[in-house]
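Working notes for the structure below.
The values are calculated or read from the model by the stated rules, or taken from the named source; none is laboratory data. Because the structure is predicted, anything quoted here is derived from the model rather than measured. Glycine also receives a Cβ, built like all others from the backbone with ideal geometry; neighbour counts cover every protein chain displayed. Heads up: the accessible areas ignore ligands, DNA and RNA and are worked out on the full protein's heavy atoms, side chains in. Shrake-Rupley method; radii C 1.70, N 1.55, O 1.52, S 1.80 Å.
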Amino acid sequence: MIEIVGLKKSFAGIPVLQGVDLAVADSERLVIIGGSGCGKSVLLRHIAGLLKPDAGILRIDGRDIVPLPERDLNPIRQGVGVLFQGAALFDSLDVFHNVAFSLIEHRAAAPKEIRERVAEVLAVVGMSGQENKKPAELSGGMRKRIGLARAIISRPRIMLYDEPTTGLDPQMADSINRLILKLSENYRVTSIVVTHDMTSAQMVGERIAMLHQGKILVSGTPREIQESPQPIVQNFIRGISEERAAQRG
Amino acid sequence: MERLFQRFGAGTLRFVDYLGSVATLTSEAFRSLVTMRPRWRETTLQVYSIGVRSLPVVLLTGAFIGMVFSAQSYFQFHKVRMDTSTGPAVSIALSRELAPIITSLMIAGRVGAAMAAEIGTMRVTEQIDALRSMAVLPVEYLVVPRMIAIAFSLPLLTAMSIAIGIFSGYLVGVEVLNIDGAYYLHNMYIYTEDKDIYTGLIKVFIFAFLVVFISCREGLHCEGGAEGVGRATTEAVVNSSIAILITNFFVTMLLSKIIPP
Amino acid sequence: MNNERGIQRTVGVFVFAGILVACALILHFGKVGDRFRGGYPVTVEFANAGGLVRGAQVLFAGVPVGKVGGISLRDEGDGVNVEVDLFDNNGIRSDARFLIKQSGFLGDKHIVVLPVSSTAPLLKGGERLRGTDPFDFTDAAAQAGEAIRKLNAAVDKFSEAMLDPQTLGDLKSSVRNFSDLGGKLQGSADRLNAILARVQKGEGTFGKLVNDPELHDELKRLIHNWRVHGLLYREKADERYPDPRKPAPGARAP
């Protein structure tokens, strides 16, 4: 259970989040949509505990993480997996060490078990046998898959996806979307996906929330969003630019 | 006029912020040093890239500094027929000042830049956030191994630089400038003391921390993509070099009180 | 990361070599080798250490035989105790003289040990010796000895030339002439006064002579010496002015 109340954040005096209220139920799949630079990724980073808000409450399983110092956030972070926009693989490490990173760092398993679990998650993301490759040798979609494998190896209860399909061809985007669904269904993880890709949002979202001008504008099932009477929502999901909307008047 | 004051005030604030961020990083690193488990693998790799890979450039500069200082000392001492004083002049100057400063500046340039660039790239590609999201503190994973490695490597590099500087200074003095070799070595032995060596080594041990914290701070606070990484790299080298030169004076004065020269 | 073993080995070699070089430098310039050479300490008392420092060299017949181990002011407040660490088998005898000298090189101070006899017992550890001070009585006496010898010769010549009957006769007439000179002398006396004033201020050669306490001392000694040898009138040797050529009773070397 994630509860966000009145979350505010500004960068260098420019407000980005202006009082976000949002609740995500356990094992729910929520997609947050919104235009570029509207603060979707910033919101996601707050949920991951990577940014501190200026004001507001952010409860994960009933515990407010806002006042916690960096070190005390670690136990909570171990239950949260993040797939970053550019996958954020460690360039200096090969695929195996990237995927096994958190297990090795936290001494969570014996070496033999680590090898087995790496093979297992690589199979889940369809990258079996790629352990010895370096991130530089991989394509964008492959990197995302490895990033996903790295995020799920510690069996998180919450998965956060930051623009998972951005920069991928439609086929690769589809396979990533399928993976998100598969993980959600197989492991019952709570999933929050931030995207501006409406295809992806329609496909993976049980619920879609739209962030606009630093606040949640609407929230509902994909059907409800599709049929929303709000022109801002309609313009966004149909891909109508503000200029064209203004011309239509 | 008002504008001038504003600018001056803003500059001062930025400087204080900067010092604050370096100090915070320092205290975090030392705190992690006691609380975290040792990361042998990362530390070994850092000793390799900081120590071993810097060895050629450090030996080269050390040798040439020893040679030129030997020649310059000889030119002056020869005027008063004290040729063999060149020996102690070279060994003492190298141990106390030349080798520590030159080695530290070379390391600030080579290693400081690499640290800022590496960590800066990790920062702009979200690898730092990835670390944090996996409940690994960047200070523990990135800064502490580098800190241990440089604090360990720099004194060793400096010792090697002193040794090769003394050796090459001897070669130039005795073989090229025809100073009496026996007296050169004897005077060097008589007038150089162990404290000359370890004051130099204590100094670089302190400089090691300046380089690692200033460079890592630049990397961790890097913003704005590839351009930001470039800026952080330059800042890291310039700031750590300045910090080394300024600190050198004060540490020298302080050490002269603790270990009278 | 297949070369990780290689990296580890290289790092090991680097660290080992670095520590080796650092230790070698510190041990070499720390003169640790000397510390393990067998030796013994003696204490030498000086009135004035003359800027001597710990670790300064000790030379015996021009050969390094030890080091200054420490310098401390004497509790009696009349000088310093210099701890001298001497190496074994140096052949220094207990009557050897210890002097503080300045070496030409960089103007540093060191201790010079001068041999005196080849019969005295060898110096042992823990002994206390009286050092020869930079301006020591015996040193000064040795220098004064030469001057005294020359003066004696001059005085001998003077008595031979002056004290025969012929000269005495001349002297008588001279004395008579002196009374005539009385008036003229007044003028000379005035001039003399002026000279004396200069002398008092320490100007001119003679002035320096008069105002130099050292010279005064030497002159006193010279006159005493004359007395002892019956040159002026005979007197018993005074305890205050011991003959430098004979060792004073109760005093050790020299």
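For the range A:92-107, the criterion of being of a type in the set (Lys, Arg), modelled with pLDDT of 90 or more and either under 20 Å from B:Ile128 (Cα atoms) or open to solvent by 50 Å² or more (accessible area, probe 1.4 Å) (or both) is met by none of the residues. Considering only residues in the range B:132-148 that are free of Cβ contacts under 8 Å to residues at least 40 places away in the same chain and part of a helix (DSSP H, G or I), the one that is least open to solvent (accessible area, probe 1.4 Å) turns out to be B:Ser133. For the subset of the range B:149-163 comprising residues that are open to solvent by less than 10 Å² (accessible area, probe 1.4 Å) and of a type outside the set (Gly, Ala, Ser), which member is farthest from the other protein chains (Cβ to nearest Cβ)? Across the range B:149-163, the extreme among qualifying residues is B:Ile150.
Selection of the range B:235-248 for residues being in contact (Cβ under 8 Å) with a residue 40 or more places away in the chain and either in contact with a strand residue (DSSP E or B) (Cβ under 8 Å, 6 or more places away or on another chain) or open to solvent by 30 Å² or more (accessible area, probe 1.4 Å) (or both) yields B:Glu235, B:Val237, B:Leu245, B:Thr247.
Residues in the range C:11-37 that are at the interface with chain B (Cβ under 7 Å from one of its Cβ atoms), among the hydrophobic types (A, V, I, L, M, F, W, C) and within 20 Å of B:Gly87 (Cα to Cα): C:Val21, C:Ala22, C:Leu25, C:Ile26, C:Phe29. Note on the range B:74-131: enclosed helices (runs of 4 or more DSSP H) holding 3 or more residues that are in contact with a helix residue (DSSP H, G or I) (Cβ under 7 Å, 6 or more places away or on another chain) and within 14 Å of chain A (Cβ to nearest Cβ) are B:113-124. A count restricted to the range A:50-91 and to residues that are more than 8 Å from chain B (Cβ to nearest Cβ) and either open to solvent by 10 Å² or more (accessible area, probe 1.4 Å) or in contact with a strand residue (DSSP E or B) (Cβ under 7 Å, 6 or more places away or on another chain) (or both) stands at 23.
Would you call B:Leu60 open to solvent by 20 Å² or more (accessible area, probe 1.4 Å), more than 11 Å from chain C (Cβ to nearest Cβ), within 25 Å of C:Gly6 (Cα to Cα) and not charged (D, E, K, R)? Yes, satisfied. The strands (runs of 3 or more DSSP E) found wholly in the range C:22-85 and carrying at least 3 residues that are closer than 12 Å to C:Gly131 by Cβ occupy C:39-46. As a summary of the residue check, A:Val193 satisfies the conditions (1) modelled with pLDDT under 90; (2) touching a Ser or Thr at 6+ places or on another chain (Cβ under 8 Å) except for the one numbered (1). Scanning the range B:103-131 for residues that are at negative phi and without any contact (Cβ under 8 Å) to a residue 60 or more places away in the chain, we see that the one that is most open to solvent (accessible area, probe 1.4 Å) is B:Arg110.
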